[in-house]
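Just below is one structure, and these are the notes that go with it.
What follows draws every value from the coordinates through simple rules; no lab data is involved. Just so it is clear, the model here is predicted, and its values are computed rather than measured. Cβ sites come from the backbone with ideal geometry, for glycine too, and all protein chains shown count toward neighbours.
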Amino acid sequence: GFETLTITSQGTDARIKGRVLGTLPDTVSSNMRMLLVGLNPSLHSVEAGYGFAGPGNRFWPAVTESGLVSKERDPVHALKHHRIGMSDLVKRASTKASAISGAEYQAGVARLDRLCGWLSPGVVCVLGITGWRSALNNRDLRLGKQTIRLGGRTVYVLPNPSGLNAHTNHGDLVTRFNELAAIVSRSAA
C-alpha cells in the first residue's frame, strides 16, 4: 500500500510522488462469505501491494487450487467474485510474524472484533496458530473451529501458509481450504 503525496501532469504524462505506508489496506465489504486474516503483512507483501506475496508463501497456490478463489495474487478479485475479504491481525509489517509482540496481537483481536461486528462476514479464518495463541494468551489453542467469536462470527484457525512454517505443506493447506469451503457453502445454504 502507498499514499499519494502529489500528482502533476503534463499532456498525457503524469508524475506521481508517494510513500510506502508500511502496511496493507483491508480488502473487505459488507457481503463477505469469509474473511481471511493473516497474522501481519510481510515487508515483501507491502511492497507488492497484496498479502501473502512472499516467493515461498503457499497461500495463493493453495487457496486457488482449493477453488475458494479463481485468480492468484488478487485480493480485489477474491472479494468481488468470491466474496472473500482479507485483513490482518496486526497491521504493522515485519520480516517475520515472531517480530510482533503479544500486546500487538491482543490489540489486533479487538480491532478485528469491531470489524467483524460491523461487516458480519459468514466466517472468519485466521491463518497462523502461533500468533492466534499469542493474541489470546492461550498456548493450548488448536487448529480448527474456535470457541471465541469475532463480532459474533464463527472463527476457524488454519496453519500459517508461510514457507517458514515447517509444520504444514501445500497439500495440507489445500485440504484445509477445501474443508473450510465446504463449511462456508453449508452455512450459506
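In nm, to one decimal, how far is the ALA188 label point from the ILE16 one, both placed 7 Å along Cα→Cβ?
Using points 7 Å along Cα→Cβ, the separation is 3.1 nm.
Going by how many other Cβ atoms sit within 10 Å of their own, how do ILE16, ILE84 line up, fewest first? Don't skip to the answer; put the middle values down first.
Numbers: ILE16 11, ILE84 25.
Ordered by Cβ neighbours within 10 Å, fewest first: ILE16, ILE84.
Output the DSSP H helices from the chain with an along-axis C-alpha extent of no less than 24 Å and a mean Kyte-Doolittle hydropathy no less than -1.0.
Details: long enough: 102-119 (25 Å, 0.03); 170-188 (27 Å, 0.17).
Answer set is 102-119, 170-188.
Once each part is reduced to its C-alpha centroid, what is the distance from the range 84-116 to the range 50-75 in angstrom?
19 Å
Report the Rg/Rh value for the range 22-188, based on alpha-carbon coordinates and the Kirkwood definition of Rh.
Numbers: Rg = 14.2 Å, Rh = 15.5 Å.
So for the range 22-188, dividing Rg by the Kirkwood Rh gives 0.91.
Working out 0.36 nm times the residue gap between SER70 and GLU47, then minus their Cα-Cα distance, what length gain in nm do you get to one decimal?
Details: separation 23, 0.36 × 23 = 8.28 nm, distance 2.30 nm.
Taking 0.36 nm per residue and subtracting the Cα distance, the gain is 6.0 nm.
Per DSSP helix of 4 or more residues, -39500 (n - 2.57); summed, then divided by the residues of the chain. What does that give at 222 nm, rounded to the nearest 500?
-10500 deg cm²/dmol
Taking the Cβ of each residue in SER45, SER70 as the centre, tally the other Cβ atoms inside 10 Å and list the residues starting with the fewest. Write out the running numbers ahead of the final one.
Working: SER45 21, SER70 11.
The order, fewest Cβ neighbours first, is SER70, SER45.
Please compute the length gained on full extension between ASN169 and ASP140, using 0.36 nm multiplied by the number of residues separating them and subtracting their Cα-Cα distance.
Numbers: separation 29, 0.36 × 29 = 10.44 nm, distance 2.23 nm.
So the chain would gain 8.2 nm between ASN169 and ASP140.
Provide VAL46, VAL90 in ascending order of the number of other Cβ atoms located within 10 Å of each residue's Cβ, fewest first. Don't skip to the end; give the middle numbers.
On the way: VAL46 21, VAL90 27.
Least crowded to most crowded, the residues run VAL46, VAL90.
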